[in-house]
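The values are calculated or read from the model by the stated rules, or taken from the named source; none is laboratory data. Every value quoted in this text rests on a predicted model; they were computed, and no experiment measured them. Because the Cβ atoms are built from the backbone with ideal geometry, glycine has one as well, and the counts that use them run over all protein chains shown.
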Amino acid sequence: MGGLAHDEVAALYEAYGHLVRRRCGLTLRDAALADDALQEVFLKALRYGSEVKSAASPLAWLYRVADNCCYTLRKKITAPSPPPAAEPSWHPVHHLEARNGVLAALAGLPERDVRVAMLAFVDGLSQGEIADEVGSSRQTVNRKLQEIRERALVRLRGDDD
Amino acid sequence: MTEAHPSPLQLDELHAGKDDATVAAHVASCRACADYVAALAREREALQAEWPSQVFMRRLAARAAAKPRWPRWSRWLVAIPVMAAAAVALLVGLQPASFDTVRLKGGGSVALALIALRDGVQERNAPAFTMRPGDQLRIELTLTERRVISVGVLEDTGGFLPLVEAATLDAGLHVLEPALRVDSHPTASTVIAGSPDAVQRAITTRDLLAVVTLRLNAQP
């Protein structure tokens, strides 16, 4: 797995940098960590990103790397962050409460489940599309999403108390 | 989520320049989606104003220079000499609670288990094991079809210890050599196995979706 040239990474950053930053901000809810994650994602592209050239969707590749970087960075969060000053834009296709509940519950999820949660509740993919993306059966994805929803509900109820 | 709107990922891709006439037609007729895409355009302008491409790339170069490409393996797992390793034998018939499995490209699947010897007692473990100094470990791999496989131990801190590097293994159960002993300062890690490409991707990006995993926790 080789890397990308400086100019290729610069072009990726110009096209997708703001989208990667937005996703990292959604996941981490911490502007400084999100900026750290943004640099880490493009550093990985610089060092190991040659496969992005043949990827069906460069953005989906970057999102996958971003989710993994955020998973690692999330471990550095020792205290709940205050809500960000400006919420990233969101679309009515998201059920905001469900999305926020899931994002709040990410900290307790295994790495694989975080990816499934992001694909479902942030990217809005169908269960079949997620199954294709992560190489699992649709039944497995369905079961995972059910577990994630239940965790999110517990988290939301806990926050209400 | 509803059927009426494209997915956020589709909208993100359209905004980033993907040619998708269906999504573009929807955005042209949907206020909510048009507002979402317009917000993305404002976020692009804001980032370009804050960190223009040249500035960002200079930061990235500095970060690359400061950060080693491959974090070193911290050497807390050590190979056991052949005679001593014989004491860690294959366990048959004792099944762990559950196996993690992953499908392989081209067909078949792979599963991992761990045989641990502690205080003279052997146990077969999956999908996780909590290590103590002095534990002796053997990795057990089960393949449903003959495949090229890589296996290794990926530390949470980034180090990687290869155990099998792109080797062709027959279908069936394999107990990997060498046996390993946990030294005095184990580091939380994950044993990963899968196609060489998937293992390489897991090492470089920590994307564990296409590999089978067995978690090694370090006892506090």
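Scanning the range A:132-142 for residues that are more than 11 Å from chain B (Cβ to nearest Cβ) and either in contact with an Asp or Glu (Cβ under 8 Å, 6 or more places away or on another chain) or surrounded by fewer than 19 Cβ atoms within 10 Å (Cβ to Cβ) (or both) turns up A:Asp132, A:Arg138, A:Gln139, A:Asn142. The condition of being more than 14 Å from chain A (Cβ to nearest Cβ), out of contact with any Asp or Glu (no Cβ under 9 Å at 6 or more places or on another chain), among the hydrophobic types (A, V, I, L, M, F, W, C) and free of Cβ contacts under 8 Å to residues at least 24 places away in the same chain holds for only one of B:Ala179, B:Ala167, that being B:Ala167.
Report whether or not B:Leu117 is crowded, with 16+ Cβ neighbours inside 10 Å, at pLDDT below 80 and closer than 19 Å to B:Val175 by Cα. Don't jump to the end; show me each part of the working.
Values: crowded, with 16+ Cβ neighbours inside 10 Å: yes; at pLDDT below 80: no; closer than 19 Å to B:Val175 by Cα: yes.
Taking the combined requirement at face value, the residue does not satisfy it.
Every condition in (1) more than 14 Å from every other protein chain (Cβ to nearest Cβ); (2) at pLDDT 90 or above is met by B:Leu47 except one, and the failing one is (1). Only one entry of A:Arg115, A:Arg151, A:Arg143, A:Arg155 meets the criterion of being basic (Lys, Arg) and at pLDDT below 75, and that entry is A:Arg155. The condition (being touching a Pro at 6+ places or on another chain (Cβ under 8 Å) and modelled with pLDDT of 90 or more) is satisfied by just one residue among B:Leu77, B:Leu60, B:Leu14: B:Leu14. Note on the range B:167-209: residues that are more than 29 Å from A:Ala37 (Cβ to Cβ) and assigned to a strand (DSSP E or B) total 10. Counting only residues that are farther than 26 Å from A:Ala55 by Cα, polar (S, T, N, Q) and assigned to a loop (DSSP other than H, G, I, E, B), the range B:1-39 holds 1 of them. Scanning the range B:188-208 for residues that are facing chain A (nearest Cβ under 7 Å), surrounded by fewer than 20 Cβ atoms within 10 Å (Cβ to Cβ) and of a type in the set (A, V, I, L, M, F, W, C) yields a total of 0.
Annotation note: Cβ proximity below 9 Å between a residue of the range A:130-156 that is outside the structural domain of A:Arg115 (by TED's automatic domain parsing) and a residue that is at pLDDT 80 or above and not in a helix (DSSP H, G or I) (sequence gap 6+ or interchain) occurs for no pair.
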